[in-house]
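Below is one structure, written out as structure tokens; the observations come after it.
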Amino acid sequence: MTYLPTAEHDELRAVVRELADERIGPRAAAIDETSEFPHDLRELLARQDLLGTCFGEEHGGTALDTIAQSILVEELARADATTSLIPIVQKLGALPIILAGSDEQKDRYFPRLASGEWLIAFALTEAAAGSDVASNRMRATRDGDEYVLNGSKRFITHGSVADVLTVFALTDPAAGGRKGMSAFIVETDTPGFAAPRVEHKMGIRGSPTAELTFDDVRLPSANVVGAEGEGFKIAMETLDRSRLSIAAQAVGIAQGALDAAVAYAADRQQFGERVVDFQGIQWMLADMASQTEAARQLTYAAAARVDADAPDLPYWTSSAKLVAGDTAMRVTTDAVQILGGYGYITEYPVERMMRDAKITQLYEGTQQIQRLIVARQLLQRAGVARQG
């Protein structure tokens, strides 16, 4: 199972890096300062066919393999983590339909999503159900050929700017979240839907993280994704694949911080020497580079297994997200240290990168959840029954 990037991958990286350096990086500080969603960069990515990478050519997408999709996210995140979330969430929101949707649903929504005309978001988390997804409380009640949704969602990335959502709600509350949850497609102009609140965050400030409310939102039964009661399974299969995008984002953030630290240390002089010539700084940079490369290679290895639909996929994607997220936090913190006082002010990008890096340890499953997944997969491999 090869995961080494090909010449086509290298060409994609060069194209996206040039775009990121010229058009996205120069906007990053302003996006962070204003906390405004970069509609102009969303349109730029759409014009470059970079929002349809997970969709088939029959729906207007480019059908890139998962390593290519990881490279795209990585290079965007190297310049600006907020902008990298646009293709990440486009894939995340669409994955339930890709995995379990009907042909009619795919024909109805994928062309608009692949072109970037519409944005989609993934609405799973609730105020009382973050890591504990099975404790979701939002209801979907059958009423003839319709379902009526009532409840709320919390911490939904792009929830306030999306045109359509994949939403998870209980259709059989007595069965609980694992067996009684179903997935739905909700267009955000449906009566009863609102996004009344956007969170103020430490990082990725230009990416709106919204609270969503559903007040008697009526949907046709044609908007159920998969079969009734399969929502938990669909959500878990989605996250097993989508968390790899967060690993790629973390790699990109780390690489951006490393590049900034190298450039600064090569230019800055102290005690009559370049900072980069001090052995202590060289050791820090060597550790940062090695850790970033290790995270990158693990991410690509996991990406190859996504495309192969490997049976131990959760082991690989959770490992990649765990290692890459912790690497991003470590490398960005060291980058701030190398820049010293300059690393702590907004004139340089590393303080923003450090703030952005933290979220990669939290969303799409905290690092503690990833450790649980990896450990359970490890025990399964070893044939050891889990107790408790």
| field | Degrees between helix 231-267 axis and first principal axis of the chain (Cα, 0 to 90, nearest 10) | value | 20 degrees
| request: For region 120-228, just say rounded, prolate or oblate: build the C-alpha gyration tensor, square-root its eigenvalues into a ≥ b ≥ c, call rounded for a/c under 1.5, and beyond that prolate if a/b exceeds b/c, oblate if not. | output: oblate
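Report the local net charge at Thr299: Lys and Arg +1, Asp and Glu -1, summed over other residues whose C-beta lies under 9 Å from its C-beta. Show your work: numbers first, answer last.
Details: positive: Arg296, Lys321; negative: Glu74.
With Lys, Arg at +1 and Asp, Glu at -1, the net is +1.
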| note | For the chain, the dipole about the Cα centre with charges only on Cβ (Lys and Arg +1, Asp and Glu -1), to the nearest 20 debye, works out at 1300 debye
| field | Positive minus negative residues near Glu43 (Lys, Arg vs Asp, Glu; Cβ under 13 Å) | value | +1
| task | Return the lysines within reach of Lys179: Cα separation strictly under 24 angstrom, same-chain partners fewer than 8 residues apart disregarded; answer none if there are no such residues. | result | Lys153, Lys233
| remark: Here, Ala29 and Tyr342, labelled 7 Å along Cα→Cβ, have an inter-label distance in nm of 1.3 nm
| remark: Highest mean packing first, using Cβ neighbours within 10 angstrom, the peptides 238-250, 134-146, 294-306 sort as 238-250, 294-306, 134-146
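For region 7-115, calculate the relative contact order in percent as a whole number, restricting contacts to Cα pairs under 8 Å that are 6 or more residues apart.
33 percent
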| task | Could you work out how far the C-alpha centroid of region 51-93 sits from that of region 241-290, in angstrom? | result | 25 Å
| request: Would you mind checking the tilt of helix 7-19 against the longest principal axis of the Cα atoms of the chain, expressed as 0 to 90 degrees and rounded to 10? | output: 80 degrees
| task | Provide the net charge surrounding Phe168, with neighbours chosen by a C-beta distance below 10 Å and charges set as Lys +1, Arg +1, Asp -1, Glu -1. | result | 0
| query | Excluding same-chain residues fewer than 8 positions from Lys106, which lysines have a Cα within less than 18 Å of its Cα? | reply | Lys91
| field | Only Lys, Arg (+1) and Asp, Glu (-1) charged, at Cβ; region 41-85 dipole about Cα centre in debye | value | 160 debye
| said: Tell me the angle of helix 66-79 to the major Cα principal axis of the chain, expressed in degrees between 0 and 90 and rounded to the nearest ten. | reply: 60 degrees
| What order do you get for Val198, Val331 when you list them from fewest to most C-beta neighbours inside 10 Å? | Val198, Val331
| task | Sum -39500 (n - 2.57) across every DSSP H segment of at least 4 residues in the chain, then divide by the residue count to get the 222 nm mean residue ellipticity, nearest 500. | result | -17500 deg cm²/dmol
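A short reminder: the numbers here are calculations on the coordinates, not readings from a lab. If you're wondering where the values come from, they're calculated on a predicted model, not measured in any experiment. FYI the Cβ positions are ideal-geometry reconstructions off the backbone, even for glycines, and counts take in every protein chain you see.
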